[in-house]
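Following this message is one structure expressed as structure tokens.
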Ligand SMILES: Cc1cc2nc3c(=O)[nH]c(=O)nc-3n(C[C@H](O)[C@H](O)[C@H](O)COP(=O)(O)OP(=O)(O)OC[C@H]3O[C@@H](n4cnc5c(N)ncnc54)[C@H](O)[C@@H]3O)c2cc1C
């Protein structure tokens, strides 16, 4: 591990200043992802700027049913929050499906959003990776890509975003609160927070140097919504998603789907909001054939690789089964 | 053979080292308090085949705290050895990716690690190949398959296959697997002058390692001392010397101070030996009643460019079922991979996956209950040698297992069980492992204060060996357990086999019994009074083992699994896994159960998860960490039970044991795969049973 300094600024302005003044400084939150990557030599920061001294670790429920989650809230605390469990159970389920108890007690909301891909080539500095070393090539496309993306990827990068939490947040229409380096507070919908890899897979989010994630806001959940997180993984716990789905469904009195929101994990460079499927389903009755057709339409744009093509079928089956269940029709 | 009378043995005695381990008081190999230690960090090759052209260590040497950089041409010289895996930094050849090509020695671990990232190595690169091509014309028959003859042939297998009314012909594959002990390789080397070396080493065979390291460094026997008090698991990877202790000794020599080396988890994937992958074709021919008329089991594996270690997958078929015609064979291909090594139940674990899957397929084809099919093919004599078995508890295990599991009344029809979104199925398979024993020495001492001490270079890699050997000694002495001090894991206690082949307790225990009996005789000669200078006897069991009668000796078991497969996603869970075993005398139910359960989890992990993925482009194991290489987690294990039957076998050893370390991870994978077939109607013949291999079965499409 390259030697580094550790700094603990008192407020966001100081932190931004430190980050701007030192081009090789990075933000440290729980450290569960950053420190691992430093040990592997993937990240070699000259300085760690610890933001835990001032980052909010509060969960503020609003009268309208919305909630503001501080960026410093630990994954374990968020999963255990009564209001979250009652109003946004899909979020609690997603958090509890992630990592292990020890990790969730360290991991923060901000760090979870900004965690890096688990692609084996990104993590191995002896091999090329366009995300780690722009222009060096993507070793995954010809190598081990079984766990990587099938949609929204590019010829330069097929990495997935590994977060479970972010998938639930995507389905809940979350807004990320940022403090820009110049002090401006902005709210960015999660759907605009992550960038498609395209030719610049090293640019993953809209967060620029000196910016700090300060929190995540959830609008009130739609009245009568049923929601669920189903994570398909290779072992019963402590494994990243092969494919996961977060779904929020509102059934109309006539049995049609008044509202349906679907986000997927394990398939794309970002939590993948299945807008095509959603549009096809809104106002429809959740019959298996309709559901399957909608899910298939979502993946018309998929670009699977030889070893991960099964994920497309798995995602289609998972969407079909989950919405059928939440839509309340017998299968 | 007279057996010890039982008092301490048979009791659920707590682990002698349990308290020290859980409180952190146990001293592991790199935890010894030492003056002024340095740390070595290996630099591993980033090409799979070629040669080191140049090593630029200038940037590394410039880091404050760096003491030396070892590299080919600038490293202590070693004597020639049979196994090139030990001969690090002696030549510039690169035979696999992840081979030690240099090492940084520094005053702290952090500095050594960082400076190692600054060492620039230039290579001449040659094209490499790491994947087995089963049709390759480079396949060769090895001289041995891990100590077994490479091939066997009895009767006329081809004629029997042609004539038989029922033939099952299927090919099964298992991937490379990694031993993945909790504690990676770790070693501290301390030289006392030029000619004496102590290695605190995470080691399954201290006595053997002492000899190997002495020879490597051109030292006389006895010059090297190995201390291996506490080991965080080995599973075979610490049985033979590979690079780490050699590097520690070289580095300590180079910088003239103690040196510690601790491998990272990632490094273990190339530094440790892996279980070689297998491609196994099994052909079974049977008459309508299910009696086998022929078995043909042919296995292919890989080995490295520089040494042969060929997974003996077909050998298990030589002794399990009665059949007049029996042929087995092994072939291998040399690839640009690290030399494979032994991993818990080498050969047998993958071999039984194939054979016991095939037996299940045959049972289904014939419409015979899978338990009954095994019973019908039971035998009193070893089918390949004609020798009688010293004892054979297989049928008893099958019956008892079926009873405990509730097998009777099972609907054999595939896909006949469903609960909600889950398809439910059950399956079973046989477990077996040969009884191995090796000569050992041991020393027994009596002191004037009435205490006894026994010394044997056994090693407790987590099995409970330290505890059960004390029980054996206490019973043989006829004293309470706390009157005996048992010392293990120091090579100066004398020649002894490694903790491997499930032979430890039989081999060391035999020597312990012999030493204690000799001590008692001496004591009797002194009229039962220990003289002031004490009494000490050292024995060697070499001659005793040479007199072993010609029996075929094996342990047996039967495992029963229930699986659930999610009908939409293919998620696979194992809610129940029961095993019943017959392994001679069980000395300590507490530690034995732990071993048996641990083995079953090992087998479950093999069935569901473990998959070393060789990267054709780079030539290494692409998934070289525990996020990529999955082993079973707690949540994968539900209702897990291990039982054993009482087995008294006078033809084993004075301790009456067969060995239990490797029995229970054989057969597990087949039991689970067979249950998956019963649940889904689809046969997965390739391990691990992943979503993509299972899901096609959910739609009624062929798997593959
Ligand atoms: C063994 C293991 C298993 C795991 N399994 C799962 C799993 O199954 N599912 C899952 O979803 N996750 C899993 N994780 C990932 C885990 O959720 C993340 O490591 C964690 O959420 C990161 O949070 P952190 O606070 O520790 O972030 P850190 O490691 O401190 O930071 C991560 C990144 O975010 C940046 N950052 C952090 N906070 C801010 C901020 N406020 N503003 C700007 N930048 C910031 C840091 O600079 C860094 O780049 C696993 C991790 C491990 C180690």
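Can you compute the FRET efficiency between residue B:110 and residue A:21 using 1/(1 + (r/R0)^6), with r the Cβ-Cβ distance and R0 = 30 Å? Round to the nearest 0.05. Kindly include the intermediate steps, with their values, before the conclusion.
Working: r = 26 Å, r/R0 = 0.86.
Plugging the Cβ-Cβ distance into 1/(1 + (r/R0)^6) gives 0.70.
In the range B:597-612, whose amide N lies under 15 Å from the spot 7 Å out along Cα-to-Cβ of residue B:21? List them in ranges.
Residues B:597-599 fall inside that zone.
At 7 Å along Cα-to-Cβ for each site, give me the label-to-label distance between residue A:191 and residue B:289 in nm.
Placing both labels 7 Å beyond Cα along the Cβ direction yields 7.2 nm.
Next question, about the same structure. In what order do B:418, A:87 fall by count of nearby beta-carbon atoms within 10 Å, going from fewest to most?
On the way: B:418 14, A:87 20.
Ordered from fewest to most neighbouring Cβ atoms within 10 Å, B:418, A:87 come out as B:418, A:87.
Sticking with this structure for a sec: Given the Cα atoms of chain B, and with Rh set as the inverse mean 1/r over their pairs in the Kirkwood sense, what is Rg to Rh to two decimals? Mind showing how you got there, number by number?
Details: Rg = 25.9 Å, Rh = 26.4 Å.
Answer for chain B: 0.98.
If you wrap the range B:546-596's Cα atoms in a convex hull and average its projection over all directions, what's the area in nm²? Please report the intermediate quantities before stating the final value.
Values: hull surface 24.0 nm².
The Cα convex hull of the range B:546-596, projected and averaged over all directions, gives 6.0 nm².
Take every residue in peptide B:105-117, count the Cβ atoms of other chains within 10 Å of its Cβ, and give the average of those counts. Don't skip to the end; give the middle numbers.
Values: counts 0, 0, 0, 0, 1, 3, 2, 0, 4, 5, 0, 1, 5.
That average works out to 2.
For the range B:286-414, place one equal point scatterer on every Cα, skip the solvent, and apply the Debye formula. What is log10 of I(q)/I(0) at q = 0.12, 0.19, 0.23 Å⁻¹?
The computed values of log10 I(q)/I(0) come out as -0.56, -1.12, -1.39.
Taking the range B:36-123, how much of its Cα-Cα pair set, in percent, is spaced more than 15 angstrom apart? Could you put the intermediate results ahead of the total?
Values: 2113 of 3828 pairs.
Result for the distance tail: 55 percent.
Something else: Using every pair of alpha-carbon atoms in the range B:103-177, split the distances into 5 Å bins beginning at 0 and state the percent of pairs per bin, rounded to integers.
Each 5 Å bin holds this share of Cα pairs: 3, 8, 8, 10, 13, 12, 10, 8, 8, 5, 3, 4, 5, 2, 0.
Taking the C-alpha atoms of chain A, how large are the radius of gyration and the largest Cα-Cα span, Dmax, in Å?
Reported Rg and Dmax, both Å: 19.7, 64.
Calculate how large, on average over all directions, the projected area of the Cα convex hull of the protein assembly as shown is; give the answer in nm² to one decimal.
Values: hull surface 173.2 nm².
Result: 43.3 nm².
Here is a further query. Within 10 Å of each Cβ in B:517-527, how many Cβ atoms from other chains are there, averaged over the peptide?
For peptide B:517-527, the averaged partner shielding equals 0.
Still on this model: At q = 0.12 Å⁻¹, work out log10 I(q)/I(0) for the range A:226-326 with the Debye formula, treating every Cα as an identical point scatterer and leaving solvent out; two decimals please.
Log10 I(q)/I(0), no solvent term: -0.36.
Starting from the Cα gyration tensor of the range A:5-51, multiply each eigenvalue by 5, take the square root, and state the resulting semi-axes largest first in whole Å. Intermediate results must be reported in sequence, preceding the final value.
Working: eigenvalues 72, 27, 9 Å².
In descending order, the three semi-axes are 19, 12, 7 Å.
Using a Debye calculation, one point per C-alpha and no hydration shell, please list log10 I(q)/I(0) for the range A:1-96 at q = 0.18, 0.24, 0.25 Å⁻¹ in order.
Log10 of I(q)/I(0), two decimals: -0.87, -1.11, -1.16.
Per-residue counts of other Cβ atoms within 10 Å, averaged by peptide: what ranking do you get for B:52-59, A:112-119, B:74-81, highest first?
A:112-119, B:52-59, B:74-81
Return the calculated 222 nm mean residue ellipticity for chain A, to the nearest 500 deg cm²/dmol, obtained by summing -39500 (n - 2.57) across DSSP H runs with n ≥ 4 and dividing by the residue count.
Working: 12 runs with 93 residues, N = 331.
That comes out to -7500 deg cm²/dmol.
Expressed as a whole number of Å, what is the distance separating the alpha-carbon centroids of the range B:476-542 and the range B:129-188?
Each part's Cα centre sits 40 Å from the other's.
Hey, how much of the P(r) for the range B:216-326 falls beyond 16 Å, as a percent of Cα pairs? Intermediate results must be reported in sequence, preceding the final value.
Working: 4518 of 6105 pairs.
Counting pairs separated by more than 16 Å, the tail of P(r) holds 74 percent.
For A:311-323, what's the mean count of beta carbons from other chains sitting within 10 Å of each residue's beta carbon?
On the way: counts 2, 0, 6, 7, 1, 0, 8, 3, 0, 1, 5, 2, 0.
Per-residue shielding by partner chains comes out at 3.
D for the range A:33-183, whole µm²/s, Stokes-Einstein with Kirkwood Rh over alpha-carbon pairs at 37 °C and 0.692 mPa s: what number?
Details: Rh = 17.2 Å.
Rounded to a whole number, D works out at 191 µm²/s.
Every read-out reported here was derived from the displayed coordinates using simple, explicitly stated rules and does not represent laboratory data. Here the structure is a predicted model, which means the values were calculated and not measured. All Cβ positions, glycine included, derive from the backbone under ideal geometry; neighbour counts span all protein chains shown.
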